[in-house]
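Working notes for the structure below.
Coordinate-derived values only; no laboratory data. Source: prediction; values computed, not measured. Every residue, glycine among them, receives a Cβ derived from its backbone with ideal geometry; neighbour counts consider all protein chains shown.
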Amino acid sequence: MRHVLEGSHAVSEAVRLARAQVISAYPITPQTHIVEQLSEYCANGTLNARFLRVESEHSALAALIGAASSGVRTFTATSSQGLALMHELLHWASGARLPIVMAQVNRAMAPGWNIWADQTDSLAQRDTGWVQFYCENGQEVLDTTIQAFRLAEWVNLPVMVNLDAFFLSHTYEPVDVPDQKSVDSFLPPYKPRFQLDLANPCAFNQLAPPNIYMEMRHNIQMAMDEAFTFFEQMEEEFGTILGRRHGAVEAIRCDDAEVILITSGTVTSTSRQVVAKLREKGEKVGLLKIKLFRPFPLNLLRELTKPASKIAVIDRNFSFGASGIFAQEVKAALCNFPGHPPVYGYVAGLGGRDITTEVIEDIYWLTKNSTAPENESSWVGLREVDHAVGQS
Amino acid sequence: MQLDNLNREHMCSGHVGCPGCGAALAMRFLLKALGNKTIMIIPACCWSIIAGPYPQSTLKIPVLHSAFETGGAVASGVRAAHDIKGDTETTVVTWAGDGGTFDIGFQALSGAVERNENFIYVCYDNEAYMNTGVQRSSSTPYGAWTTTTPGQHWKRLRKKNIVEALVAHRIPYAATASIAFPEDLMRKAKKAKDMAGSRFIHIFSSCPTGWGMPSEMSVKIARMAVQTTIFPLYEVEDGLRYTINYTPKGYLVNEYFRLQGRFKHLTEEDLESIQEMVDEDWNLLLRKAGVALETS
Ligand SMILES: Cc1ncc(C[n+]2csc(CCOP(=O)(O)OP(=O)(O)O)c2C)c(N)n1
Ligand SMILES: [Mg+2]
């Protein structure tokens, strides 16, 4: 059934349909609507789950580590500062091979305080062993959150579903909310491979000396590879039952494109418009949306960007001292391919600044009219300010 | 005392604790009383090592090793999961050191107790961060040497009173216990097991390695800590009703201090002022117990 849903509530509906059993969360703008709705569902019996109102994000994830180790389906949601506070336990969740699902609202890191869209929070956690998705709209958020449980439980890795602050979390859109029966057939009850069990007492997460630690880490990487393969199969199944596919990446008019724009999150929707408009004018431009960030879809990216003579990556995030993070990843994916197209990195829209159609068009023309990338990344739309920091 | 399973062991020999480790004894006594329908959460501490490396475990119960500061929170999650699965019987226990309890894990513990999570939190107290090589914690007593309170910088601050901090939460049950008083320890563990809500047991666990004393002194020193009222044995119900379990016979603190390397720098004057502090704390406890008696 189609409903007009806030992006946050697309998450809550998905978690309800997924029949999560233990939910634990700590409030932070703009994540609050997600967990308020879920706490309501737990209180009124719509969802048969325990909702733990813990005293911090650190404890929210710690509690889920305990719950998931006990063999139940778990969910949390957070954003920026909250995610940063969880950092230690992000590693713990993947190292312990727990299929925890988290909705993560991409919000800027302080200081200064800024509650608006920016992906640096979750991208800074890229090495923690979580599968990471970046969603474009409410429907994708709902579908991906349901899928996240299936994927997490298949590969025994935690999954993070990212959505842009406000542009997505607080925007109302028509969203198809599937019926419980369809979701149940796609996502059966969780059958843990291991759990704390009185009948079979084991110790989990104990001392792992050098003779075994490395193999344990390699297993996580094997699970990441498996996550990529399984994702395709799972989307097939999801498509059969629920009629939708989103793809690990989506290529829009890339076949004959000379310049390919690469985006993630809500900028993609704006970019779709720009590409359509430029195409009307005869410009050979394509758009590649990256939804799956970990495991990174290396081969798809290599294949799909082959026809292009230039790539322009738009990053609403930044790694200080280096460049935009998607740009880094794209460069790393292509560097061993002789003759790959040059990669132009653009940083835009940090801290919730609009990335308008004009900004994206500028990026296109800048890329098209340049002979070679001049820097690691160009900051688009910077205002004139005093840059004389640290100079006398 | 009704303890059916005193002969049962839920801990194998072959753990990797130091000789004379009080924390190993404490675990053994605790599990005798709790039995094997117990799931244990162990945040980082000496016991992360003592329990043995992968793929061995010295404990015959399910153990979830956890991050240092998460004892209260991980247990909350284990409890919630078991409850939703319909298992409200299994005892969920967190077993943490003083650092993991008084310091880095205090927030998660306070949160769990405020929510009155249905679990037992046991702190084995060896009065410093021993796993990392004897650094001071807020449980390190006044006067002690540690590697971060060395030489003339010996700790000139009092030990945090963790039981009183939990009593301030109106925790259903809080008790102190000692490896030198195993029957009292096991009675308290059994009593805690048969209650609901948050329960806290604070076990004094000597550490020959960190305290600078021979391993055979472990139990004796622990007994002296109780006899001198440095570590009184008592329990508090609902944050109100105090019961003192052992009435000391007036031993002075001197000998306790003189037997441990960590206190060897203290002068006679230092010991006199420490005696005053110990007396003051004891009188405070007596007053609380007395006040509680009058109002009950
Ligand atoms: C976040 C974090 N900080 C520091 C450590 C290192 N560390 C491990 S155990 C420990 C000390 C534990 O002290 P305590 O809780 O008193 O237990 P004990 O080792 O004395 O038995 C420290 C500092 C850690 N594991 N995690
Ligand atoms: Mg200690």
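With unit charges on the beta carbon (Lys/Arg positive, Asp/Glu negative), name the residue among B:PHE257, B:PRO55, B:HIS202 whose Cα is farthest towards the positive pole of the charge dipole of chain B. Farthest along the dipole direction, towards plus: B:PRO55. As a length-normalised measure over Cα pairs under 8 Å and 6 or more apart, the relative contact order of segment B:3-288 settles at 17 percent.
Where both bridge residues fall in the protein assembly as shown, DSSP classifies roughly 25% of the beta bridges as antiparallel.
Counting only GluC sites (Glu not before Pro) that are in a DSSP loop and have at most 14 other C-beta atoms within 10 Å, tell me the longest site-free stretch of chain B. Of all site-free stretches, the longest is B:90-296.
For segment B:178-291, the relative contact order works out to 22 percent when only alpha carbon pairs closer than 8 Å and six or more residues apart are counted.
For B:ALA177, the residues whose amide H sits under 5 Å from its own are B:HIS202, B:ILE203, B:PHE204, ignoring neighbours fewer than 5 places away on the same chain, with H placed 1.01 Å from N.
Other residues whose C-beta falls under 15 angstrom from the C-beta of A:LEU196 contribute a net charge of +2, scoring Lys and Arg +1 and Asp and Glu -1.
So what's the net charge close to B:VAL92: Lys and Arg +1, Asp and Glu -1, counting the other residues with Cβ under 14 Å from its Cβ? So the surrounding residues net to +2.
Please give the average number of partner chain Cβ atoms lying within 10 Å of the Cβ of each residue in A:68-81, rounded to a whole number.
Rounded to a whole number, the mean comes out at 3.
A Förster radius of 56 Å combined with the Cβ-Cβ distance from A:ILE241 to B:THR247 puts the calculated FRET efficiency at roughly 0.20.
Could you tally the net charge around B:ALA73, taking each other residue with its Cβ under 13 Å from the Cβ of B:ALA73, Lys/Arg +1 and Asp/Glu -1? Let's see the in-between values first.
Details: positive: A:ARG53, B:ARG79, B:ARG115; negative: A:GLU55, A:GLU57, A:GLU88, B:GLU69, B:GLU114, B:GLU117.
Spelling it out: positives minus negatives among the neighbours equals -3.
Here is the list for segment A:132-216: trypsin sites (Lys or Arg not before Pro) lying in DSSP coil, each with at most 16 other C-beta atoms within 10 angstrom of its C-beta, are A:ARG193. Of all DSSP bridge pairs formed entirely within segment A:250-379, close to 15 percent run antiparallel. For segment A:166-175, 3J(HN,Hα) computed residue by residue from phi via the Karplus equation (6.51, -1.76, 1.60; θ = phi - 60°) reads 6, 3, 10, 5, 10, 9, 8, 9, x, 10 Hz, glycine and proline entered as x. Remark: C-alpha extents of chain A on the principal axes read 68, 53, 45 Å, sorted largest to smallest.
Of all the C-alpha pairs in the protein assembly as shown, what % are more than 51 Å from each other? Cα-Cα pairs in the protein assembly as shown separated by more than 51 Å: 23 percent.
In this structure the amide hydrogen of A:ARG244, modeled in the peptide plane, comes within under 5 Å of the amide hydrogens of A:GLY239, none closer than 5 places in sequence on its chain. Note on A:GLU40 and A:LEU298: the model spin-label points, each 7 Å out from Cα along the C-beta direction, lie 4.5 nm apart.
Here the simple spin-label model places points 7 Å from the Cα toward Cβ, and for A:VAL385 and B:CYS12 these points are separated by 6.1 nm.
Per-residue shielding of A:18-28, expressed as the average number of other chain Cβ atoms within 10 Å of the residue Cβ, stands at 2. The Cα-based radius of gyration of chain B, divided by its Kirkwood radius, gives an Rg/Rh of 0.95. Here the Karplus relation 6.51 cos²θ - 1.76 cosθ + 1.60, evaluated at θ = phi - 60°, turns the backbone of segment B:39-52 into coupling constants of 10, 10, 9, 10, x, 3, 4, 3, 5, 4, 8, 4, 5, x Hz, with x for every Gly and Pro. Could you list the trypsin sites (Lys or Arg not before Pro) in segment B:210-261 that lie in coil according to DSSP, counting only those with at most 13 other Cβ atoms within 10 Å of their Cβ? Those satisfying the criteria are B:LYS249. Exposed loop sites here mean GluC sites (Glu not before Pro) with a DSSP loop assignment and at most 15 other beta-carbon atoms within 10 Å; chain A contains its longest site-free run at A:1-257. Sparsely packed loop sites in segment A:293-392 (the trypsin sites (Lys or Arg not before Pro) outside DSSP H, G, I, E and B with at most 11 other Cβ atoms within 10 Å) comprise A:ARG383. Within straight-line reach of A:LYS331, meaning a Cα separation under 16 Å, sit the following aspartates and glutamates at least 8 residues removed in sequence or on another chain: A:GLU303, A:ASP315, A:GLU374, A:GLU376.
Close amide-amide hydrogen proximity is noted between B:LEU64 and A:PHE204, B:MET40, B:ILE41, B:ILE42, each under 5 Å apart and 5 or more residues distant or on a separate chain (H modeled in the peptide plane; Pro and chain starts excluded). Relative to the longest principal axis of the Cα atoms of chain A, helix A:210-242 runs at roughly 80 degrees.
Give the range of the longest stretch in chain A that excludes all chymotrypsin sites (Phe, Trp or Tyr not before Pro) found in loop regions by DSSP and having at most 11 other beta-carbon atoms within 10 Å.
Here the longest segment lacking exposed loop sites spans A:114-319.
Enter the Cα centre distance for the pair segment B:59-110 and segment B:243-273, rounded to the nearest angstrom. Result: 34 Å between the Cα centres.
Where the only charges are on Cβ atoms (+1 Lys, Arg; -1 Asp, Glu), what is the dipole of the protein assembly as shown about its Cα centre, to the nearest 20 debye? Numbers along the way, then the final one.
Values: 63 positive and 74 negative charges, 275 e Å.
My answer is approximately 1320 debye.
In percent, rounded to a whole number, the relative contact order of segment A:2-242 is 24, using alpha-carbon pairs under 8 Å and six or more apart. Using all pairs of distinct alpha-carbon atoms, the Kirkwood hydrodynamic radius of segment A:250-379 works out to 14.4 angstrom.
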